[in-house]
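Below is one structure, written out as structure tokens; comments come after it.
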Amino acid sequence: MDKDVFAYVVYIIHACADRWNTIPSKVYKAMKKSGCLDEYLVPNYDVLHTQSTDYVVHDISEYLKNRGVAV
């Protein structure tokens, strides 16, 4: 993972944590457990980083819900 993708993933983890009123480590664990990081965020970075933060946070929320992972 290059530094731009890494920085984006960290940014999105913090954006989700802020939106969901929780700590970033909890969001990271949920994303890791669901495969969101390795199967969604990183492989789709080229498209996702052009979308609004609100859109991506909502999309991740749906991703986690569909996989039965709660934050």
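The values are calculated or read from the model by the stated rules, or taken from the named source; none is laboratory data. Since we're looking at a predicted model, the values are computed, not measured. Heads up: the accessible areas ignore ligands, DNA and RNA and are worked out on the full protein's heavy atoms, side chains in. Shrake-Rupley method; radii C 1.70, N 1.55, O 1.52, S 1.80 Å.
What do you get for the angle between helix 53-66 and the principal long axis of the chain? Use alpha-carbon atoms, 0 to 90 degrees, nearest ten. The angle comes out at about 50 degrees. Its residue count N fixes a reference of 2.2 N^0.38 Å for the chain, and the Cα radius of gyration divided by that reference is 0.98. Accessible area per residue for the chain, computed on protein heavy atoms with a 1.4 Å probe, is 64 Å².
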